[in-house]
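The values are calculated or read from the model by the stated rules, or taken from the named source; none is laboratory data. Computed from a predicted model, the values in this text were never measured in an experiment. Backbone-built Cβ (ideal geometry, glycine too); neighbour counts: all protein chains shown. With ligands, DNA and RNA removed, areas are computed over all heavy atoms of the protein, side chains included. Shrake-Rupley method; radii C 1.70, N 1.55, O 1.52, S 1.80 Å.
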Amino acid sequence: MKNLKFFILTTFVLLLNSCSVLTKSQIKNINAFAATAEKYAIFPGEVPRQRASLFLEERLVQTILFSNADNIKLNINKAIDNYDALLQSADKFDLSLLLIQQYASLLNKLSSKDFVGSLNSNNNNLNDNLGSLVKIANVKLTNKIPITVSDAITKVIFLVGQKLTIGRQAKALKEFIPQGQILITITMQNIEEALVSMKDLLAQDKTKYINTYTAIIFNDAGKMNYVNIRQYVTALNNFENIEQLRIQSISAARKLSIAHTKLQERILVKDDLMEIYSETQDFILSLQDLYKTYEKLITVKK
């Protein structure tokens, strides 16, 4: 009986220990997701910024109608003020994207092959900056971030500068990823809401640009030249690319959430699948599409 009790206890302890360690494939999947999520943050914020540039261009074309120097200057100043106001609307993107980028960066370091971070002496500064970022986000964003998420991120900041054992790394990831799920859910919701709201605005901007250019440039034979025609074509291409970037950013945000949910589910069980989860693969492919559209936008502008 004693031997049986000892065997059961030993088996339970071994099972408990085995469950506390993540497999190499689990670590690999976490790291692949983190590296991709960190890059995602580059793209959605370009939608309102590029929209602001086209809005400014349309207003400057309107200025051609004025003959009085004072009126021209006044209209230009108004155009610049409106441009600055539109850029401020990108703050909602920036806050959410910075939070995602920070989370992904820490997750990347925590799941690195050598279990060693590179923050070192910058830990305190990063912690202060992150704390401020969460506070600002909770003031400006509709959907608030729980303090538990901020606490979890702060804890990881001080872990990634240390040499971690496999067991400690697994424990940290199992604590960090569920809090990350909360962060992902809130920030992706904020990003998607903002991007969805821009659909009609972009369509209205495009219609107004076409109408303004038609009335001021195309209806005046003296203004019909290659430069003006080229500017018009470039603007229309940019409108198309921005709309595509908006749609793809929403799709990628949803796939990012799905991929992270998969990670959270799989860290609770032993998983020795020696490949990247299909959900993460879908997210990676969506990011590749985003990059292609972004490149077209930049190329057209050049």
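Structure notes:
- Per the listing Gln281, Gln288, the residue uniquely touching a helix residue (DSSP H, G or I) at 6+ places or on another chain (Cβ under 9 Å), polar (S, T, N, Q), free of Cβ contacts under 8 Å to residues at least 12 places away in the same chain and assigned to a helix (DSSP H, G or I) is Gln281.
- For region 28-40, the criterion of being acidic (Asp, Glu) and more than 25 Å from the chain's Cα centre (by Cα) is met by no residue.
- Helices (runs of 4 or more DSSP H) contained entirely in region 85-159, each with at least 3 residues that are modelled with pLDDT of 75 or more and more than 16 Å from Ile177 (Cβ to Cβ): 91-110, 123-140
- Unique residue being in contact with a helix residue (DSSP H, G or I) (Cβ under 7 Å, 6 or more places away or on another chain) and more than 26 Å from Lys144 (Cβ to Cβ) when the list is Tyr83, Tyr103, Tyr40: Tyr83
- Exactly one residue out of Ile217, Ile182, Ile210, Ile186 is surrounded by 16 or more Cβ atoms within 10 Å (Cβ to Cβ) and under 19 Å from Leu98 (Cα atoms), and it is Ile186.
- Among the residues of region 218-236, the one identified as under 22 Å from Leu202 (Cα atoms) and charged (D, E, K, R) is Arg230.
- Some residue of region 257-264 being under 19 Å from Ala35 (Cβ atoms) and in contact with a Leu (Cβ under 7 Å, 6 or more places away or on another chain): no
- Any chance Asp220 is free of Cβ contacts under 8 Å to residues at least 24 places away in the same chain and acidic (Asp, Glu): yes
- Residue in region 3-52 that is modelled with the lowest pLDDT, counting only those that are among the basic types (Lys, Arg) and open to solvent by 70 Å² or more (accessible area, probe 1.4 Å): Lys5
- Hey, Leu201 of a type outside the set (Val, Ile, Thr), open to solvent by 30 Å² or more (accessible area, probe 1.4 Å) and at pLDDT below 90 or not: no
- Residue, farthest from Val233 (Cα to Cα), within region 21-67, restricted to residues that are out of contact with any Leu (no Cβ under 9 Å at 6 or more places or on another chain) and not in a helix (DSSP H, G or I): Val21
- For beta carbons closer than 9 Å, sequence separation of 6+ or different chains, a first residue in region 64-92 that is over 15 Å from Ile216 (Cβ atoms) and a second that is among the acidic types (Asp, Glu) and part of a helix (DSSP H, G or I), the qualifying pairs are Ala90/Glu46; Lys92/Glu193.
- Every residue from region 232-260 that is touching a helix residue (DSSP H, G or I) at 6+ places or on another chain (Cβ under 8 Å) and either farther than 27 Å from Leu97 by Cα or among the polar types (S, T, N, Q) (or both): Tyr232, Thr234, Leu236, Asn237, Asn238, Asn241, Gln244, Gln248, Ser249, Ser251, Ser257
- Residue satisfying all of: in region 266-298; open to solvent by less than 20 Å² (accessible area, probe 1.4 Å) and more than 16 Å from Tyr40 (Cβ to Cβ); nearest to the chain's Cα centre (by Cα) among these: Leu297
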